[in-house]
């Protein structure tokens, strides 16, 4: 998912990036396309490497997975700058299939991320967030 989102960002492919989002996120955030464009203008360079981790949550009922999502945080190094990226992706939501897909995406500069009071705002907040 990270590689795909970075590919669309570097190609300035707003439509493909929007299609990663769930219907719920697209409908909840009327400024989503504008947010994506702002993020694409903010991101500079071509990705050279990335490193990070993900956490996964899963809910099962009667032995069947009914909800599964991942929350990730990566450091992305480009040939021009370094970024911290977090996103929330709902893989399965049997009760609300329109919520399957990317929920939120946030990108921050290293300087913003290193601030003592930094806190990710993307969790459970549909949209794209840029932190300078």
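Nothing in this text is a laboratory measurement; each read-out follows from the coordinates by a stated rule. Remember, predicted model here, so these are calculated numbers, not experimental data. For neighbour counting, all protein chains shown are included, and Cβ atoms are generated from backbone atoms with ideal geometry for every residue, glycine included.
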Notebook entry, point to check: Relative to the longest principal axis of the chain, what angle (0 to 90°, nearest 10) does the C-alpha long axis of helix 32-42 take?
Noted result: 30
Margin query: With the crude spin-label approximation of a point 7 Å out along Cα→Cβ, what separation in nm comes out for residue 64 versus residue 1?
Written below: 2.3
Item checked: Efficiency of FRET from Cβ geometry, residue 95 and residue 115, R₀ 35 Å, rounded to 0.05 -> 0.40
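Hey, with R₀ at 25 Å, roughly what FRET efficiency would residue 34 and residue 10 work out to, going by the Cβ-Cβ distance, to 0.05? Mind dumping the intermediate values first?
Working: r = 19 Å, r/R0 = 0.76.
That pair, residue 34 with residue 10, gives E of 0.85.
Which whole-number value in Å³ per residue fits the convex hull of the alpha carbons of the chain?
106
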Notebook entry, point to check: When the label point is put 7 Å from the Cα of residue 73 along its Cα-to-beta-carbon vector, which residues of segment 89-116 have a backbone N closer than 16 Å?
Noted result: 89, 105-116
Note to self: If you restrict to DSSP beta bridges whose two residues both lie in the chain, what percentage is antiparallel, to the nearest 5?
What the structure shows: 85
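If you stretched the chain out fully between residue 125 and residue 44, how much longer would it get, using 0.36 nm times the residue separation minus the C-alpha to C-alpha distance?
Working: separation 81, 0.36 × 81 = 29.16 nm, distance 2.45 nm.
Result: 26.7 nm gained on full extension.
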Notebook entry, point to check: Which Rg and Dmax, in Å, describe the Cα atoms of segment 1-60?
Noted result: 13.4, 41
